[in-house]
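We did not get these values from a lab; they are worked out from the coordinates using the rules stated. All values reported here derive from a predicted model rather than from experimental measurement. Cβ atoms come from the backbone with ideal geometry, glycine included; neighbour counts cover every protein chain shown.
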Amino acid sequence: MNRIQDGLARFACLLGTLCVGLLAARAQSTNFYVFLCFGQSNMEGFPGLEAQDKGPVNERFQVLAAVDFPTLGRKQGQWYPAIPPLCRPSAGLSPADYFGRTLVSNLPPHLKVGVVNVSVAGCKIELFDPDNFQSYAATAPPWMQNIIKGYGGNPYAHLVAMGRRAQQDGVIKGILLHQGESNTNDKDWPRKVNAIYQRLLHDLQLRAEDVPLLVGELVPADQKGACASMNKIIQTLPQTIPTAHVISAQGCAARADRLHFAPEGYRELGRRYAAKMLSLLGYEPGRARPGNAQ
């Protein structure tokens, strides 16, 4: 009798597990395309928004708040219309903005797009190394440490946590990176990026062939970029990561500091990220440039 009871208990436990799995599968929509974004200040978004960028935006473009946005009424871990800033309350326009706007303007109307942005201004790529970030973070200036604290002291772990939260609702279709200014001329940068990419794939149970890595160039030489020499190293990334794709920044307008893009530069760079992603998804990007609510 005890064996029968034990067997029934195990069956009930298994049945419960299966039911939970089925409910999770139902909750997750394959029509909701999610993209993880990380990097330093240009992916974070340089402060200052122009009127044309403030919205409204198409309701099919959503942002998962990676931190609380008190003045905007956003809570960490919840989805909201993707009106900038998308990364942190004090950030501004970034490539992620017009990446998402361009995608929803070109994808079929039944598809939604969501972005998750965990970026840290001024950081080296080492900050996203889950095994060695502590030593780098310990030497960071106070202002950067405050940003890191906002991500629970571990930006990589926070990105993974937010990625898992996003997977409850949608499917991760790509990863966007914009970083390198703080690693200028670091020839080991491609290996470091690959290590992070592979770890993200493992921790989020993703496959490289399903989740490409899109990496943007820094302010280029034609804009007198202060770190333009790093673009030669960035351009070699596909040699290390076959599923990586480099997004050109040629002609993307820069600010006077020669490190950050101007708003029009962010818009164009975001469209270029989107054009590449659309082609990888099997869609032909349209020629129209999306406005705020398209």
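Assorted remarks:
- Rounded to the nearest 20 debye, the dipole magnitude of the range 31-281 is 240 debye, with +1 charges on Lys and Arg beta carbons, -1 on Asp and Glu beta carbons, and the Cα centre as origin.
- Rounded to 5, percent antiparallel among DSSP beta bridges of the range 150-294: 10 percent
- Summarising the amide proton neighbourhood of residue 74: residues at separation of 5 or more, or on other chains, whose placed amide H is nearer than 5 Å comprise 69.
- For the residue pairs 124/149; 149/232; 124/232; 75/112; 75/124; 54/192, the alpha carbons lie more than 26 Å apart in 149/232; 75/124; 54/192.
- Each Lys and Arg adds +1 at its Cβ and each Asp and Glu adds -1 at its Cβ; summed about the Cα centre, the range 141-264 shows a dipole of about 240 debye.
- Within the chain, DSSP assigns beta bridges of which about 20% are antiparallel (rounded to the nearest 5).
- Couplings for the range 96-105, taken from phi via the Karplus curve 6.51 cos²θ - 1.76 cosθ + 1.60 with θ = phi - 60°, read 4, 4, 7, 4, x, 4, 5, 4, 5, 6 Hz in order; Gly and Pro are left as x.
- Residues 123, 227, arranged from fewest to most other Cβ atoms within 10 angstrom of their Cβ, appear as 227, 123.
- Ranked by how many other beta carbons lie within 10 Å on average, peptides 192-204, 143-155 from highest: 192-204, 143-155
- Only one item in (i) 25.0, 86; (ii) 18.5, 59; (iii) 20.0, 81 matches Rg and Dmax of the Cα atoms in Å derived from the coordinates shown, and that item is (iii).
- What you get for the range 29-86, charging only the Cβ of Lys and Arg (+1) and of Asp and Glu (-1), is a dipole of about 160 debye around the Cα centre.
- Residue-count net charge about residue 59 - beta-carbon cut-off 14 Å; Lys, Arg +1, Asp, Glu -1: +3
- Amide H to amide H distances under 5 Å link residue 29 with 170, where only residues 5 or more positions off or on other chains count and H is placed in the peptide plane.
- Among the chymotrypsin sites (Phe, Trp or Tyr not before Pro) within the range 207-294, those in coil by DSSP and having at most 16 neighbouring Cβ atoms inside 10 Å are 283.
- Dipole of the chain, positive end: most advanced residue of 256, 243, 80 [Cβ charges, Cα centre]: 80
- Cβ-to-Cβ counts within 10 Å put 267, 191 in ascending order as 191, 267, the fewest first.
- For the range 258-270, Karplus couplings with θ = phi - 60° (6.51, -1.76, 1.60), whole Hz, Gly/Pro x: 6, 10, 10, 7, 6, x, 5, x, 4, 4, 5, 5, x
- For the range 30-35, Karplus couplings with θ = phi - 60° (6.51, -1.76, 1.60), whole Hz, Gly/Pro x: 6, 9, 10, 8, 10, 10
- Peptide ranges 98-108, 215-225 listed from the most packed, as the mean C-beta count within 10 angstrom indicates: 98-108, 215-225
- Taking amide H atoms as placed 1.01 Å from N in the peptide plane, the amide H of residue 260 lies under 5 Å from those of 255, each 5 or more residues away in sequence or on another chain.
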